[in-house]
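Worksheet for the structure shown next.
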Amino acid sequence: MDNAIKTTNVIDARNAIDARNAIDAADATNATVATDSGKPARLLSLDALRGANMFFILGGAVCFRELAKLWPNSWTEAIASQQIHSVWDGFTHHDLIFPLFLFMAGVSFPFSLAKQVTQGHTSWQIHRKIILRALILVLLGFLYNNKVSFNLSELRFPSVLGTIGVGWMIAALVFIHSKRTMRVLYCVAILVAYWFLIAMVPAPDTATPDAFTKEAWADRCAHLLNPNENVRRNFTMNGNFVGYIDRTCMPGCLYKKTFDGSAEKSIVASVTALLGMFCGAFIRRRKLYSARFQMGMFLLAGTFLILLGMLWNHAFPINRYLWSSSYVCLSGGISILALALFYFIIDICQFKRWTFFFVVIGVNSIAAYMIQPILGLRITNEFFFRGFANLFAEKSAQGLIMAVGYVTVTWLVLYFFYRHKIFFKV
């Protein structure tokens, strides 16, 4: 019995050492974000930015669209045009919501990892939590899409939360098992390999037989940087290889009938999460750098990625549905600049009062996403605000009142959770 106990202790000690080595590899030094008392502090700017991002999912985008209908002018219409997804290629503000959420999940991971190691969690416990979190997000995403249903032909398996969960899990495993140089090489390799795959390989079920001849392969290879029709065909909704995998392997129904992409793009989305982890690790070491240096590095990195994404767009179009490499760069660069802005204003300049509305949403982001279909908030909104909306004859005014009402109802539910310290964490 004594030998068994000693063996167990040795194993636990080794696991603890492995976990500490992981956090060392993750650039987690003693320079954590802390309060004056020395206790770890929650990064308020991250909660506020997450809440501001979620605000558009909760109805903020609808509010701006309805406002443009009520008071049409160049400003309101320009803003409203950004509150819808691109049909295929292109980029709008609404196309940023998804990758920004994944990016912020990445930012928080170095803090979470450091906390787990400080609490003595073993390497196995850390890995188990990472995998379990991904599985829970996949399940929640499945429930969000389908509710409780057993009709296989009508179920949609890929989801926003599922892509976030799997993409974040891959990034987290890369983060704790590699050093900074290898992480950068991973990001570059994934983005370049994905570009090469999509540009070179057509969907076999929609391509013509001559698309697989040696001449066609050579032609596509010669036009990678300056795509001709032979290459551009592979970037279309029906012509891309990812859609082919969906149509042949994915059970149930697809998001766009012939294309979904959420399952396969999780690997590329892991780069978005890793960009967030780079930023989170950098912020954790803020006592080693001046605020000016940190802002300069964020500005440099964000600008570089935006320019790279815009340049890459000519060879590999910016596309949210494909999660194209150019889209990863552009959305990642904007996400870094958005984080830097919130971080500078809130955590460095300590200008915090205005953040409360968004923080209430941001600290309960999973709840904010899931309570909408589960609690039937649209019915609640109809109950409280339809009467006010009917006072106006104009449909545009009614639409704006109902949109503001929906945001109000959802926020009040989240505020109830906030006041009673009810936080849904995965």
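Put a plus charge on the Cβ of each Lys and Arg, a minus charge on the Cβ of each Asp and Glu, and nothing anywhere else: the dipole of the chain about its Cα centre is then about 1200 debye.
Measuring spread by the Cα atoms of segment 184-336 yields a radius of gyration and Dmax of 17.9, 61 Å. Normalised by the number of residues in the chain, the mean separation of alpha-carbon contacts (under 8 Å, six or more apart) gives a relative contact order of 25 percent.
For the pairs Lys147/Lys395; Lys115/Lys287; Lys115/Lys179; Lys147/Lys257; Lys69/Lys395; Lys147/Lys256, note any where the Cα-Cα span goes beyond 21 Å.
Lys147/Lys395
Relative contact order of segment 247-362, taken over Cα pairs closer than 8 Å and 6 or more residues apart, is 24 percent. Taking all Cα pairs closer than 8 Å and separated by 6 or more residues, the relative contact order of segment 269-426 comes to 18 percent.
Can you work out the FRET efficiency for the pair Leu135 and Lys115, with r the C-beta to C-beta distance and R0 = 25 Å, to the nearest 0.05? Using R0 = 25 Å, I get an efficiency of 0.75. Net charge in the neighbourhood of Asp260 (other residues with Cβ under 10 Å of its Cβ; Lys, Arg +1, Asp, Glu -1) is +3.
For the chain, the solvent-accessible area works out to 50 Å² per residue, with a probe of 1.4 Å and every protein chain left in place.
Per-residue Karplus couplings for segment 89-101, computed as 6.51 cos²θ - 1.76 cosθ + 1.60 with θ equal to phi - 60°, are listed in order as 6, x, 8, 10, 4, 5, 6, 8, 4, 4, x, 5, 5 Hz, Gly and Pro entered as x. When Ser123, Ser290, Ser331 are compared by accessible surface with a 1.4 Å probe, the order from highest to lowest is Ser290, Ser123, Ser331. Using the average count of surrounding beta-carbon atoms within 10 Å as a protection proxy, the listed peptides 50-63, 216-229, 191-204 rank, highest first, as 50-63, 191-204, 216-229.
With the convex hull built on the Cα atoms of the chain, state its orientation-averaged projected area in nm². Please report the intermediate quantities before stating the final value.
Numbers: hull surface 106.8 nm².
The orientation-averaged projected area of the Cα hull of the chain comes to 26.7 nm².
Note on Thr208: accessible area is roughly 80 Å² with a 1.4 Å probe, heavy atoms of protein only. Taking only the alpha carbons of segment 57-119, we obtain Rg and Dmax values of 17.4, 56 Å in that order.
Rg ratio for segment 284-402: its Cα radius of gyration over 2.2 N^0.38 Å, N being its residue count, equals 1.54.
Leaving out ligands, DNA and RNA, what percent of the accessible area of the chain is carbon and sulfur, probe 1.4 Å?
The nonpolar share, carbon plus sulfur, comes to 67 percent.
Report summary: the helix-based calculation at 222 nm, which adds -39500 (n - 2.57) for every DSSP H run with n ≥ 4 and divides by the residues of the chain, gives -21000 deg cm²/dmol.
The values are calculated or read from the model by the stated rules, or taken from the named source; none is laboratory data. Quantities reported herein were computed from a predicted structural model and do not represent experimental measurements. Note: ideal-geometry Cβ built from the backbone for every residue, glycine included; neighbour counts use all protein chains shown. Remember, those area values only see protein heavy atoms, side chains included, never the ligands or the DNA or RNA. Shrake-Rupley method; radii C 1.70, N 1.55, O 1.52, S 1.80 Å.
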